[in-house]
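The values are calculated or read from the model by the stated rules, or taken from the named source; none is laboratory data. It should be emphasised that the depicted structure is a prediction, and the values quoted were computed from it without experimental measurement. For neighbour counting, all protein chains shown are included, and Cβ atoms are generated from backbone atoms with ideal geometry for every residue, glycine included.
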Ligand code: GBH
């Protein structure tokens with residue numbers, strides 16, 4: 001392919017975004033600085049027993065204060081985009097039941113302006129698992145329909161103050177994970193589940209995930225509606241949603257296992273995307289859940305007509321799926337009647353789907369990248385897609401020498417193989433417009449605290465010093481080779 005008079009073998013289009021991804025709770029720290037309110041993750045991590053190493057995001061990697069230094073790291077990589085999230089409680093400490101925190105608005109303005117000066121496009125998520133505690137207390141926090149108005153109010157403020165410069169908006173990060181982990185297994189806030197699924201008895205794992213999902217879907221729709229009607233014409237940006245994806249490979253060629261894999265995908269991914277894109281839940285969900293699936297009113301459907309402009313795909317790992325209608329499978333998470341009698345497992349005939357890693361759910365299966373992209377392309381009519389996260393985690397080992405910590409050859413191999421796989425899907429016509437590595441830095445890895453590291457840069461948590469890993473240099477070279485269009489800086 002000839003680009004700018006030079007020969008390029010890159011399969012990615014000229015305007016392709018290469019970046020790194022982050023989120024406010026995992027990065028910012030500054031949990032009470034400049035008027036930020038408490039959110040559900042502050043509250044959750046401050047309760048003993050919830051986080052493996054007893055840690056929290058009070059300081060995290062102090063990105064709130066060190067963002068300029070972190071932008072220099074991005075500059076060195078040569079990325080043309082940065083995916084980050086806004087902390088809802090930093091902008092609205094009490095949601096719509098209190099004032100705007102202007103210091104919070106100021107902070108994101110400075111971050112956005114600094115990015116644009118370097119020619120790095122902000123790709124902004126409105127909520128990456130976090131919600132002001134005030135709203136969590138009032139609504140549980142996604143169990144009440146009223147939360148839609150809160151999200152709409154918050155989104156409106158973000159579009160109003162940042163939308164002149166932000167051209168990529170994602171409403172939610174991984175709402176499927178929010179509801180599965182928050183209301184089915186109970187390992188994320190608000191820690192609700194029934195005993196068959198998790199370690200608690202305070203919730204209803206068979207009903208609440210679907211109620212919470214319903215309210216999130218409608219909250220997304222409310223934000224998109226505001227964007228379409230008040231801002232998009234003038235601001236000319238795009239709005240979408242980011243989903244956690246798993247490639248779900250049928251355990252065998254039997255029709256039963258193929259249908260089981262389809263059911264599992266319906267209950268994981270299509271659960272959210274179908275209502276947003278087609279205005280109805282997947283047929284498998286109606287068949288299995290019947291009337292316990294919340295229904296969409298005429299008013300809801302009207303809102304949902306606003307759809308989305310792109311799908312954000314977080315892809316890390318894959319599983320096999322086996323049909324359990326005719327065979328016996330133990331009940332439990334990833335294997336339940338409510339999910340349509342499926343067994344989701346990493347093993348087939350005793351062999352893992354991919355190399356295991358230090359992260360219990362992460363098996364290296366690069367082929368799953370092109371599989372999931374192609375699946376989404378076909379189901380949703382090749383709507384624009386972004387790989388909003390992909391990355392490799394390693395367990396912190398204090399006995400490893402710093403040289404070995406930085407020599408992350410497994411991460412390099414992981415990224416390289418996943419990008420190759422993505423290229424195959426793109427060559428076959430998938431409209432993928434960007435790739436974001438998770439993550440620029442080691443950071444707060446939710447239930448695993450600081451014990452799992454996903455960074456292209458190592459962070460020494462005693463000093464918060466950032467050090468380049470091999471993968472940072474590898475990604476820099478990869479970008480230089482594959483980025484067809486040069487970064488355009490605001491000053492150029
Ligand atoms: C993403 O979450 C997050 O967006 C990001 O914040 C995080 O740091 C990153 O990945 C690395 O973990 O057995 O049903 O739970 C990923 C969270 C947890 C979602 C494992 C998929 C596996 C399927 N993932 N989960 S399940």
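Before moving on, here are some points about what is shown:
Here is a yes/no grid of residues against (1) at pLDDT below 95; (2) away from the ligand (no atom under 16 Å from the Cβ); (3) on the phi < 0 side of the Ramachandran plot:
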| position | (1), (2), (3) |
| --- | --- |
| 419 | no, yes, yes |
| 422 | no, yes, yes |
| 430 | no, yes, yes |
| 437 | no, no, yes |
| 444 | no, no, yes |
| 472 | no, yes, yes |
| 475 | no, yes, yes |
| 489 | yes, yes, yes |
| 492 | yes, yes, yes |
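- Qualifying residue in the range 212-219 (condition: within 15 Å of the ligand (Cβ to nearest atom), part of a helix (DSSP H, G or I) and within 28 Å of residue 363 (Cα to Cα)): yes
- Any hit, the range 145-157, residues being more than 30 Å from residue 81 (Cα to Cα) and either within 21 Å of the chain's Cα centre (by Cα) or within 16 Å of the ligand (Cβ to nearest atom) (or both): yes
- Count - residues of the range 398-430 that are surrounded by 12 or more Cβ atoms within 10 Å (Cβ to Cβ), outside any helix (DSSP H, G or I) and free of Cβ contacts under 8 Å to residues at least 24 places away in the same chain: 1
- Filtered by the rule that a residue be crowded, with 20+ Cβ neighbours inside 10 Å and either part of a helix (DSSP H, G or I) or in contact with a helix residue (DSSP H, G or I) (Cβ under 6 Å, 6 or more places away or on another chain) (or both), the range 175-189 gives 175, 176, 178, 179, 180, 181, 182, 183, 184, 188, 189.
- Some residue of the range 452-462 being more than 16 Å from the ligand (Cβ to nearest atom), farther than 20 Å from residue 16 by Cα, modelled with pLDDT of 95 or more and part of a helix (DSSP H, G or I): no
Listed here are the residues, each with its yes/no results for (1) out of contact with any strand residue (DSSP E or B) (no Cβ under 8 Å at 6 or more places or on another chain); (2) over 19 Å from residue 22 (Cα atoms).
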residue	(1), (2)
422	no, yes
428	yes, yes
431	no, yes
434	no, no
443	no, no
448	yes, no
468	no, no
476	yes, no
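- Residue tally, condition loosely packed, with under 12 Cβ neighbours inside 10 Å and over 23 Å from residue 262 (Cα atoms), over the range 275-304: 3
- The sole residue among 160, 167 that is surrounded by fewer than 18 Cβ atoms within 10 Å (Cβ to Cβ), closer than 20 Å to residue 226 by Cβ and under 21 Å from the mean Cα position of the chain (by Cα) is 167.
- Within the range 226-244, tally of residues that are assigned to a helix (DSSP H, G or I) and either crowded, with 18+ Cβ neighbours inside 10 Å or touching a residue at least 60 places away in the same chain (Cβ under 8 Å) (or both): 7
- Hey, residue 43 touching a residue at least 12 places away in the same chain (Cβ under 8 Å) and crowded, with 18+ Cβ neighbours inside 10 Å or not: no
- Candidate set from the range 160-174 (those that are assigned to a helix (DSSP H, G or I) and either touching a strand residue (DSSP E or B) at 6+ places or on another chain (Cβ under 9 Å) or without any contact (Cβ under 8 Å) to a residue 60 or more places away in the chain (or both)); member that is farthest from the ligand (Cβ to nearest atom): 161
- For the condition within 15 Å of the ligand (Cβ to nearest atom) and not in a loop (DSSP other than H, G, I, E, B), residue 268 qualifies.
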